[in-house]
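What follows is a set of notes on a single structure, which appears directly below.
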Amino acid sequence: MTATSKKVLFVLTSHDRKGTKPSGFFLSEVSHPYRVLAEAGYQIDFVSPKGGKAPVDPDSLDLKDGANAEFWSTPALRGAVENTRRPTDVRAEDYAAIYFAGGHAAMWDLPDDTALAALTADIYDRGGVVGAVCHGPAGLVNVKRSNGEYLVKNMWVSAFTNEEEHEVGLDRVVPFLLADRLEERGAHHDPAPNWQIKVCVSGRLVTGQNPSSATRVGDAMRTMLDNMSH
């Protein structure tokens with residue numbers, strides 16, 4: 001049973017652009033949940049569509065943020081995100097949870113990665129937890145469970161909102177609007193005002209709206225995983 005594992009798989013984008021500008025994974029959306037889960041005794045592995053070095057969004061390198069500074073200055077962690085595994089190199093049964101970090105770049109490569117989608121569905125169907133924050137839920141839009149239904153169908157979800165996308169001026173740059181696509185898949189998207197902390201827990205799915213929600217997503221995943229292992 002997956003949930004007895006103390007391992008969590010973090011998914012990072014392999015894409016390095018948002019339109020013409022550099023992008024990648026958003027550091028705080030990795031460092032904050034990492035800190036929460038690692039301190040609770042969970043081992044974190046990293047995977048990306050292409051494997052190898054996952055690009056970081058330069059706009060997210062705020063090293064005044066304690067969790068960011070700690071993560072970025074730890075050679076083993078820098079090494080882990082620069083040597084990510086490929087989805088075909090990991091087994092669903094090894095993980096209690098899978099978590100999708102955001103960063104705008106995630107919109108381009110996570111949705112259509114069939115190996116990641118299969119891995120996510122397998123972890124969930126085995127009783128595991130699925131988490132995502134900000135643009136990370138882009139990795140969930142095409143995940144179908146073994147019953148053929150979209151994973152997010154009838155689930156309450158938080159994700160980067162159309163209004164936030166418009167405010168950062170990228171609503172015409174991203175390949176689709178994430179909140180709209182989730183609703184097309186049958187999810188109930190529950191937005192908070194721009195940049196406010198917002199997390200939805202629905203079944204074994206934990207999603208957050210924006211970077212400021214990342215710690216709370218980690219907290220909710222930890223609570224769920226701890227409860228499952230007792």
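Within segment 179-230, can you find the residues that are in a helix (DSSP H, G or I), among the aliphatic types (A, V, I, L, M) and free of Cβ contacts under 8 Å to residues at least 24 places away in the same chain? Walk me through how you get there before you give the answer.
Of the residues in segment 179-230, the ones in a helix (DSSP H, G or I) are 179-184, 211-229.
Filter once more, keeping what is among the aliphatic types (A, V, I, L, M): 179, 182, 214, 217, 220-221, 224-225, 228.
If the condition is that a residue be in a helix (DSSP H, G or I), among the aliphatic types (A, V, I, L, M) and free of Cβ contacts under 8 Å to residues at least 24 places away in the same chain, then A179 is the only one that fits.
Filtering segment 78-93 down to residues that are within 17 Å of the chain's Cα centre (by Cα) and in a helix (DSSP H, G or I), which residue is surrounded by the most Cβ atoms within 10 Å (Cβ to Cβ)?
So the residue we want is V81.
Read through the list (1) farther than 25 Å from A117 by Cβ; (2) touching a Lys or Arg at 6+ places or on another chain (Cβ under 9 Å); (3) of a type outside the set (K, R), then give the number of the only condition that T20 fails.
Against the list (1) farther than 25 Å from A117 by Cβ; (2) touching a Lys or Arg at 6+ places or on another chain (Cβ under 9 Å); (3) of a type outside the set (K, R), T20 comes up short only on (2).
One residue is enough: does segment 129-138 have a residue meeting the conditions out of contact with any helix residue (DSSP H, G or I) (no Cβ under 7 Å at 6 or more places or on another chain) and free of Cβ contacts under 8 Å to residues at least 60 places away in the same chain? So that I can check it myself, show each step before the final result.
If we filter segment 129-138 for residues that are out of contact with any helix residue (DSSP H, G or I) (no Cβ under 7 Å at 6 or more places or on another chain), which is where we start, we get none.
For segment 129-138, residues out of contact with any helix residue (DSSP H, G or I) (no Cβ under 7 Å at 6 or more places or on another chain) and free of Cβ contacts under 8 Å to residues at least 60 places away in the same chain: absent.
What number of residues in segment 19-32 are farther than 13 Å from E70 by Cα and touching a residue at least 40 places away in the same chain (Cβ under 8 Å)?
6
Condition first: surrounded by fewer than 22 Cβ atoms within 10 Å (Cβ to Cβ), of a type in the set (A, V, I, L, M) and either in a strand (DSSP E or B) or in contact with a His (Cβ under 9 Å, 6 or more places away or on another chain) (or both). Now tell me which residues in segment 1-52 satisfy that.
Listed by number, the list holds a single entry, I44.
Rule-based calculations on the coordinates, nothing more; no lab input. Computed from a predicted structure; not experimentally measured. Note: ideal-geometry Cβ built from the backbone for every residue, glycine included; neighbour counts use all protein chains shown.
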